[in-house]
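None of the figures in this text is laboratory data; all of them are computed from the coordinates on show. Owing to the predicted nature of the structure, the values given are computational and were not obtained by experimental measurement. Here Cβ is always computed from backbone atoms with ideal geometry, including for glycine, and neighbour counts include all displayed protein chains.
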Ligand code: GUN
């Protein structure tokens, strides 16, 4: 079974739209600022997709595309201005910024109540502490929603996460091990230094691939009947593709899909769900002001 992120995202957007309309009827329009520093083409595409979707849903959307030469001080003063703007409820600084930027310092400067990415240390702690008043990073939240919507039993299941990033692997592990729907799993986090990766991944009832390497997960690494969530968005050269590249995931889809009970495609899987969760988190930030 193919789990279409695009389809589930439509459902989430419909819910979000209703919440936006309810807020607007109370005189509040949710606002989101999306900031990109530099000219990484993949980041440019993500930021534009986020801004476009926000505008389509009726979220007040502000996009800042800054040159790669932007200094730490300039970026910090933009964050201060966005924190102080009452029309903005969410702030997202696209990661990764250029290497001269101290990203953790920028993230710490964001008002945690506007940190719809869930990257601020206070929100990271709240996730670890099962405190629902924080924000959860959008990609793992989208993966969890995928599993719930597809009716995948996570309780008691063995989940293996490939990748230990702050954006996906670590928060994904916390979500899957938390109590409740989409949780209660037995979680293993494996990564580039893990010994005998295929033996670990073959244990997985649910395999989350978030390692950032095209086609890394091969058929021999996947157990028959496993559920596979492919978080990878990798550009690979393809001379006959219109843009000269094509987007592939971390999973060798063609050979892995026949073994799976369910798998997400790339594109059209986790990507649209990440955006859907960002919109939902932004609306949550606005709702917290009036409830
Ligand atoms: N880069 C890759 N994924 C994300 C994300 O969810 N948020 C931000 N800010 N940057 C990212």
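General observations
- Percent of C-alpha pairs per 10 Å bin, the stretch 8-143, short to long: 11, 40, 38, 11, 0
- The residues 282, 218, 186, 133, when put in order of fewest to most other Cβ atoms within 10 Å, stand as 133, 218, 186, 282.
- When only alpha carbons are used to place a centre, the stretch 91-147 and the stretch 228-274 end up 25 Å from one another.
- For the stretch 133-151, backbone nitrogen atoms closer than 15 Å to the point 7 Å from residue 11 Cα along Cα-to-C-beta are found at 142-151.
- Applying 0.36 nm per residue to the separation of residue 236 and residue 105 and subtracting their alpha-carbon distance, the gain on full extension is 43.9 nm.
- Two-site label geometry, residue 21 and residue 289: point separation in nm, points 7 Å out along Cα→Cβ: 2.2 nm
- Highest-MSF residue in the chain out of 151, 269, 182 [GNM, Cα springs under 10 Å]: 151
- Stretched out straight at 0.36 nm per residue, the stretch from residue 129 to residue 73 would grow longer than its current Cα-Cα span by 16.9 nm.
- Sequence of 216, 135 once ranked by neighbouring C-beta atoms within 10 Å, starting from the fewest: 216, 135
- Legend: calculated FRET efficiency, residue 220 to residue 246, from the Cβ-Cβ distance at R0 = 30 Å, rounded to 0.05, equals 0.80.
- Principal-axis tilt of helix 270-290 within the chain, Cα atoms, nearest 10 degrees: 40 degrees
- Beta bridge orientation in the stretch 145-254: antiparallel %, DSSP, nearest 5: 20 percent
- Within the chain, percent of DSSP bridges classed antiparallel, to nearest 5: 10 percent
- Length-normalised contact order of the chain in % [C-alpha pairs under 8 Å, at least 6 apart]: 21 percent
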